[in-house]
1. Under the Karplus relation 6.51 cos²θ - 1.76 cosθ + 1.60, θ = phi - 60°, what is the ordered set of whole-Hz ³J(HN,Hα) values for the stretch 157-172, x standing for Gly and Pro?
2. Projecting each Cα onto the charge dipole of the stretch 14-331 (Lys/Arg +1, Asp/Glu -1 at the beta carbon, about the Cα centre), which of L171, L91, L214 comes out farthest on the positive side?
3. With both bridge residues required to lie in the stretch 1-132, what share of the DSSP beta bridges run antiparallel, to the nearest 5%?
4. For L190 and R311, compute 0.36 nm times the residue count separating them, minus their Cα-Cα distance, and round to one decimal in nm.
5. When only DSSP loop residues count, what trypsin sites (Lys or Arg not before Pro) in the stretch 123-219 have their Cβ near at most 14 other Cβ atoms within 10 Å?
6. To the nearest 20 debye, what charge dipole does the stretch 63-174 have about its Cα centre, counting +1 at the Cβ of each Lys and Arg and -1 at the Cβ of each Asp and Glu?
7. Could you tell me which GluC sites (Glu not before Pro) in the stretch 1-93 are loop residues by DSSP with no more than 13 other beta carbons within 10 angstrom of their beta carbon?
8. Within a 10 angstrom radius of the beta carbon, how do V16, V204, V61 rank from fewest other beta carbons to most?
Amino acid sequence: MHSVQSLVGLLDSLDVKGFKLRNRLVLPPMQTGRATFEGAVTNKLINFYLLRSKAVGLPIVEHAYVSGLGKIGPKQLGIYDDSLVEGLTKLAQAIHSVGAPAVIQISHAGAVANKKVIGDLPVGPSETGKARMLEKSELYKIAEDFALAAERAVKAGFDGVELHGAHGYLLNQFFSPLLNKREDEYGGSLSNRMRFQLLVLNKVRGILKDKLLLYRLGSDDLAPMGTKIEDSIKFALTLEEGGVDVLDVSGGMCGSEPKQLRQMRGYFIPQAEAIKKAVNIPVIGVGGVTEPEYADELVREQKVDLVAVGRALWHDSFWAEKAIEKIKQFQN
């Protein structure tokens, strides 16, 4: 059966909650390692986004850690302290200067944080050989850290934030039965495994008000005992109900580039399509998309609303401009 072609393609604009995206191309958050050791914005980081935001509809700035324990890499961008707002303001202004809205992803690495980088034992939903279990009181503290990070993002002039709930980070760890072995109300059943993320979501939503709230959903662990797409569809509906404006669908504990899928093009598109069928908010699809015509086709066939192109934009900062030209020629 051939999918029904819609009149809307990759180059068409999209209005999300009063924010106009000039096209459906997304620059996804990719850790560049261009911040300082304290997590401050550098000119190198600003230039990276300035070049790549010129033609995309929605640039999402790489994951910024919300607290010291949530850091994963030495030169990762930070949003854990008010002193970082000045640099973040320059970054948001740079993105705005090329006509795009600016969204920043905020994250906590949880159990996958590096002990050497954080100078402490990492924390997670359950005890593992390398991480200790978070107490309930600490969960409220972390939710507050996310809220304060969102407040800093707003102060810096960002148009929204994306909560990082994918690729094995803390919010994803709570969702996945592979890592969440808790026996209290934050573990066990599916609704319990969503509870902590919803606590974070509610606090952040309260801060953002009319700004955009995105959620990067780790939709599939690709493991027999892990998260399945059926769980993620239920979670997506709950997130929509909780006030999420856009769902950004990616991998779960398997990471952003699982070995077993790497050769496929659009390797997380099937998950995004399944979620799009269930929700009424825009869905971003991702996974090794490098051909402009294919990205356009994904939108035309209504598999996704937006397409994130990471590696191609990483390697060629003018990929979006070239893609737009190519699609225009193709349409003529």
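1. Going residue by residue, I get x, 6, 8, x, 10, 10, 7, 8, x, 9, 6, x, 7, 3, 4, 5 Hz, with x marking Gly and Pro.
2. L91
3. Working: 4 of 12 bridges.
Percentage antiparallel, nearest 5: 35.
4. Working: separation 121, 0.36 × 121 = 43.56 nm, distance 3.29 nm.
Once the chain is fully extended between L190 and R311, it gains 40.3 nm.
5. Details: sites: K130, R132, K136, K141, R152, K155, K181, R182, R193, R195, K203, R205, K209, K211, R216; in loops: K130, K181, R182, K209, K211.
Filter output for the stretch 123-219: K130, K181, K209.
6. Working: 11 positive and 12 negative charges, 79 e Å.
Computed charge dipole of the stretch 63-174: roughly 380 debye.
7. On the way: sites: E38, E62, E86; in loops: E38.
Those satisfying the criteria are E38.
8. With the sparsest Cβ surroundings first, the list reads V16, V204, V61.
No value in this document is a laboratory result; all are computed from the given coordinates. Just so it is clear, the model here is predicted, and its values are computed rather than measured. Cβ: placed from backbone, ideal geometry, glycine included. Neighbour counts: every protein chain shown.
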